[in-house]
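Reading through the structure tokens given below for one structure.
The values are calculated or read from the model by the stated rules, or taken from the named source; none is laboratory data. Source: prediction; values computed, not measured. Note that we place each Cβ from the backbone using ideal geometry, even for glycine, and neighbour counts take in every protein chain shown. Calculation scope for accessible area: heavy atoms of the full protein, side chains included, ligands and nucleic acids excluded. Shrake-Rupley method; radii C 1.70, N 1.55, O 1.52, S 1.80 Å.
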Amino acid sequence: MGAKAFRGVLTATALIALAGCDASVSEEQKGTGEGTIELAEFPDRPYWGDTHLHTDVSFDAFGFGNRLGVEDALRFARGEEVTSTTGTKARLARPLDFLVISDHSDGMGILRRLADAPRLLLRDKTMRRWHDMLNEDPRSSIRATSEIITAAAADRLPAAMRNGDNTEETFDLWNAQLVALDRYNQPGKFTALAGFEYSLLPDGNNLHRVVMFRDGKDRTSQVVPFASLGTTAEQLWDYMAAYERDTGGKVLAIPHNSNMSNGLMFELSMPGGGQMTAEYARKRARAEPVVEVTQIKGDSETHPLLSPNDEFAEFGNKGWEVGNLDASIKTTPDMLLGSYIREALKRGLTLEQQIGVNPYAFGLIGSTDSHTALATGDEDNFFGKHTGNEPKFRDRALVPQNLGTREGRFGWNYLAGGYAAAWARGNTRAEIFDAFARREVYATTGPRMVVRWFGGFDFSEADWQGDWVRAGYTRGVPMGGELTDSGKAPRFLISALKDPDGANLDRVQVVKGWLDASGALQERVYDVVWSDMDKRRPVGGKVPAVGDTVDRSNATYTNSIGAAELRALWTDPDYRKGQRAFYYLRVLEIPTPRWTLFDAVRFGIKLPPEPMADAVAQERAYSSPIWLKPSA
């Protein structure tokens, strides 16, 4: 095609942005934040953020109609009011502490250039047709984008749309973003982090990663985002290693939506088959210390077929379990093993025993994956996965949602999103990134409950009477840490506080996975502490349900049940000496309305039985695991 015709449009825009923004940025804003603010002795609070947000630079976000850019996204995350693409005023009830802009590295800005290009200069007939559809109306624009996603999944994009032909434009766009991120980065107040999404999609199977940098523009401008077309995840890790070697900076990758990978995200073998090598496992573990367990496109913790004894396993699965990302290949039960986080944590134990390295020893976070530039994971403030299901579209819960050119999912299948919480000593790029690197992070499906726990061998009830956080750090390890078997059952200090503006807590559970003496993988969910323990006594090994105060006719609930705080000292009853295991917390709220019920009440819509049955849920948090390893 006549690529030069639309190259000039966006290059000029980017250069104008570069020329106009840099002067107001202080030296403190440009770097990692080290030495800029006073830090706490230990991580003193969870900092809340979203690591997975798309702006109009992402080809699909633009194609779906988004016209908000990086500055709109940063202003919204800081708590300022913005106007959404469809004209609705939008504002977070509580600002976020940090944000990662993660636009797709493939074809950055390319649909904006295609839509703006002079038609006569487009020589490729497919691109001319897509140009016309992008400019015709919102519905045609979405259809064109769906076709492009399918073409990308099948490796059938026109040559001019492959990233290699757009290096210059990518560099300009990337640098414009970096300038804006430095300008909005305020150590101690708000952290703006650079990133991109690497969207590997073999045959429509989701192997996407968000890549997140620790550094400011002085280092990140020395590279451009790494494109997925024609590459492998291992090549991404090589790109990351080269960045760290050449710039002295730091970078990590976050896999997401493993629930639609059809078993490829967490394989036991090498990609394509064969025994996984220690070198491959080591590269993966180093590059990917964290995974995204929950977001708008479903929850990837576990599946009822994998965890049949887990009564809370079926959260956020509906619609997303039917097939891969574009629904081109149906998911079969055997594929689930490589698609869900809990099973991956278990597989990691097996691999570590076999090859000496655990490639799946990761921490857990949530994020939104919003393509509207609006990072909201709140049920009562859901602004949609993309512009086509912003609140302007009142029946958005009921309409089919195309991924690729196929249908099979509906609006009500979308979750409101998720957030990442990072335990850090202060709000800077360095502190937030380092919390991710050491896995001292956790996920929520949107609420901001405060979850903290420590593992050790000599904790006691007396620790609650003193500085238990100091005890946790000095005599144990926090979430994300590792314990070496001491011959005694590990003990855990567990604390969960409700979201101060949200619902009470139902219970705290410990999820354990381990290798038994025969080498078989096991899992068990323990109810550790719950509200009204005197009244809710276990029956047949199960704690009775907490109750349900949701008024379906008004989308309201009351905190007349549940607890504001739950705390426990817990000792593993199934410990065996020499056992290889992991433990993570799952914290459940009492039932509350989902965004679909808020919509139904707000817009006067009667939900059909299936979405109505799914209109109330128990939101949750997932801590990063603590691992128990045999002594050498």
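Computed packing ranks the peptides 494-505, 267-278 as 494-505, 267-278, most packed first, by mean other Cβ atoms within 10 Å. Qualifying trypsin sites (Lys or Arg not before Pro) in the stretch 602-632, where qualification requires a DSSP coil assignment and no more than 13 other C-beta atoms within 10 Å, comprise Lys606.
Estimated from helices alone, the mean residue ellipticity of the chain at 222 nm is -7500 deg cm²/dmol (sum of -39500 (n - 2.57) over DSSP H runs with n ≥ 4, per residue). Peptides 195-205, 455-465 ordered by packing proxy, namely the average of other Cβ atoms within 10 Å per residue, highest first: 195-205, 455-465.
Averaging the sequence gap over all C-alpha pairs within less than 8 Å and six or more residues apart, then dividing by the number of residues, gives the stretch 578-630 a relative contact order of 63 percent. Mean separation of Cα pairs under 8 Å and 6 or more residues apart, divided by the residue count, gives the chain a relative contact order of 14 percent. Quantify how much of the Cα-Cα distance distribution of the stretch 525-619 extends past 19 Å, in percent. The proportion of pairs with Cα distances above 19 Å equals 56 percent. When the P(r) is computed for the stretch 261-415, the part past 19 Å accounts for 59% of the Cα-Cα pairs. Look at the alpha carbon pairs under 8 Å that are at least 6 residues apart: their mean separation over the length of the stretch 198-247 gives a relative contact order of 35 percent.
The protection proxy used here, the mean number of other Cβ atoms lying within 10 Å of each residue, ranks peptides 550-560, 66-76 as follows, highest first: 66-76, 550-560. Selection among Ile605, Tyr557, Pro573 by position relative to the dipole of the stretch 487-632 gives Pro573 as farthest towards the positive end (Cβ unit charges, Cα centre).
Surface calculation, 1.4 Å probe, protein heavy atoms: Val601 sits at approximately 60 Å² accessible. Note that the stretch 502-612 presents 45 Å² accessible area per residue, ligands and nucleic acids not counted, probe 1.4 Å. Mean silhouette area of the stretch 249-314, derived from the convex hull of its C-alpha atoms and averaged over all directions, reads 6.2 nm². Computed extension length for Arg156-Glu28: 41.6 nm, one decimal, from 0.36 nm per residue of separation with the Cα-Cα distance subtracted.
For trypsin sites (Lys or Arg not before Pro), the sites in the stretch 169-213 that DSSP calls loop and that have at most 16 other Cβ atoms within 10 Å are Lys189.
Taking a span of 30 Å or more along the helix axis (Cα atoms) and a mean Kyte-Doolittle hydropathy of at least 1.6 as the rule, no DSSP H helix of the chain qualifies.
Apolar share of the accessible surface for the chain: 50 percent from carbon plus sulfur atoms, 1.4 Å probe.
Give the residue list of GluC sites (Glu not before Pro) in the stretch 116-180 that are DSSP loop and have at most 13 other beta-carbon atoms within 10 angstrom. Passing both the DSSP loop test and the Cβ count: no residue.
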